[in-house]
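The values are calculated or read from the model by the stated rules, or taken from the named source; none is laboratory data. Owing to the predicted nature of the structure, the values given are computational and were not obtained by experimental measurement. Neighbour counts run over all protein chains shown; Cβ positions are idealised from the backbone, glycine included. Heavy atoms of the whole protein, side chains included, go into the accessibility calculation; ligands, DNA and RNA do not. Shrake-Rupley method; radii C 1.70, N 1.55, O 1.52, S 1.80 Å.
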Amino acid sequence: MAEPARLHVAGGAAEPADPSLLLQRVARGDDAALGQLYDLLGAAVLALARRIVRDPARAEEVTQEVFVQAWQTAARYDPSRGSARTWLMTLAHRRAVDVVRHDQAATDREDRYDWSSGPDHDVVSETVTIRLEQQQVRRCLDGLTPLQREAIELAYYQGHTYPEVAELLDANLATVKTRMRDGLIRLRDCMGVEA
Amino acid sequence: MTGTNELHDLVAPYALDALEPLERARFEAHLDTCEACFEELIGFAATAARLGEAHAETPSTDLRDRILAQAASTPQERVLRTTMPPRWRRALPRLAVAAALLLGVAGVGGYVVEHQRVSEERDQNVAISRVLGAADAETSTKSFSNGGTVRLLTSREQDAAVVVARSLPSPGEGKVYQVWMVSKDVPTSQGTFTTSGTMLMKGVSSADALAVTVEPDGGSEHPTSDPVVTIPV
């Protein structure tokens, strides 16, 4: 019987494993390391996928694909070029966005333009412990101008292309690109990400 | 035609996965040659990933088992990196990026694979990554006005080359692009593609050039039109 899925909670009793080391073990065919990587980041990948693709079953499919893809291609991960968390979340985001665009292309695309109620800031499951890191992200997002924040959230959390974002915000393309760039620079500095 | 500065403005939308497919491909081609873009992208990608980690949701209890079960029956890719001598390793960051981009794989540091590949493709990819990882690999690129590119990466050491065509203009109804290896004016077909494709060419030591022609669907035995691209090997 496999152990049940766990959420990683910062400050918990167990020392959290280093995702970079785990991913390097995965690259050597260590499936236990894949399980641990999932324990560490599965809930975050699922939440991101859920936020973008909306449908819970589809989001789980995306999560499964992302971890299997990580298993297949872990050997490509190069720790000198960024963290394993970034690697995996980048994989997850790209997959979710591709899925939602594909699904939407296959169905009626109209409803995506009905969006009117503002970005959804609170899809957090109530079972989740709010981590300090989440609070920091929230605080940093709060530090953006409304247009920077909306541009980034529509793209990142809802999978819109920047021309779609421009249409949704009734702004021109150049403005949207600039707002995304300025917003990411501000977030990067606020989060203390090393450039 | 989008200028260099305009392409640089796409770093942020790219990091947010907010580009449309054609522009994404064009930006990735640009990324090959833009050190500043790449440096900025590393920070932006890490920032975007933090946005992604800002939430968590409880998965179904059996999702973990499903993942591990599928992994157990899924072969893994191997890369040459670990067997490379240190001299190569220093050159690797650029090569790894080039490899990632050339394979139609997106992103920073060889990050993201767009599609899961079937095992046959994987074998070919191993051969391809040998060329891409070769210390003597040389690359040359020809661009089309629509932003499409044909790239040739050659390794004398491996006696092989990789051709990567991306987002070329449509060859027209019922037509394909056909790739030829030309040795002493004699063309040998290497395969066909419609607008994008990756192919491996072996035995390039005797080749003089790569040529791409437009041919009827299914390809021709000999070129029936003038090349749209030639790249000296």
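With a 1.4 angstrom probe, the accessible area lost at the A-B interface totals about 7100 Å². Simple spin-label estimate for residue A:54 and residue B:143 gives 3.8 nm between the two label positions (7 Å along the Cα-to-Cβ direction from each Cα).
Phi angles across the range A:73-83 convert, under the Karplus curve 6.51 cos²θ - 1.76 cosθ + 1.60 with θ = phi - 60°, into 3J(HN,Hα) values of 10, 4, 5, 7, 5, 10, x, 6, 10, x, 7 Hz, Gly and Pro given as x.
Among the residues of B:15-26, the average count of other protein chain beta-carbon atoms within 10 Å of the residue beta-carbon is 6. Between amide H atoms placed 1.01 Å from N, distances below 5 Å from residue B:191 occur with B:179, all of them 5 or more places distant or on a separate chain. Amide hydrogen proximity for residue B:228: with H placed 1.01 Å from N in the peptide plane, the residues at 5 or more positions away or on another chain lying under 5 Å are B:212, B:213, B:214. Around the amide H of residue B:183, modelled in the peptide plane, lie the amide H atoms of B:188, B:208, all under 5 Å away and 5 or more residues distant in sequence or on another chain. Across peptide B:179-191, the average count of Cβ atoms from other chains found within 10 Å of a residue's Cβ is 0.
At full extension, residue B:195 and residue B:159 could sit 10.3 nm farther apart than now, given 0.36 nm per residue minus the alpha carbon distance. Counting only other chain Cβ atoms within 10 Å of each residue's Cβ, the peptide A:154-162 averages 5. One decimal place: the segment residue B:202-residue B:228 gains 7.1 nm when fully extended, by the rule 0.36 nm per residue minus the C-alpha distance.
Summary of packing: across the peptides A:63-73, A:20-30, the per-residue average of other C-beta atoms within 10 Å ranks them, highest first, as A:63-73, A:20-30.
A simple spin-label model places the labels of residue A:138 and residue B:6 4.1 nm from each other, with each point 7 Å out along Cα-to-Cβ. Put A:50, A:81, A:139 in order of accessible area, highest first, and with a 1.4 Å probe you get A:139, A:50, A:81. The order of the peptides B:16-22, B:139-145, A:143-149, B:48-54 by mean Cβ neighbours within 10 Å, most packed first, is B:48-54, B:16-22, A:143-149, B:139-145.
Phi-derived couplings, Karplus 6.51 cos²θ - 1.76 cosθ + 1.60 at θ = phi - 60°, listed residue by residue for the range B:202-210: 9, x, 7, 4, 8, 7, 9, 7, 10 Hz, with x used for Gly and Pro. Bridging of residue B:202 to lysines at a Cα separation below 19 Å is possible for B:184, once same-chain residues fewer than 8 apart are set aside. Scalar couplings 3J(HN,Hα) for the range B:227-233, obtained by applying the Karplus form with A = 6.51, B = -1.76, C = 1.60 to θ = phi - 60°, are x, 7, 9, 10, 10, x, 8 Hz; x denotes Gly and Pro.
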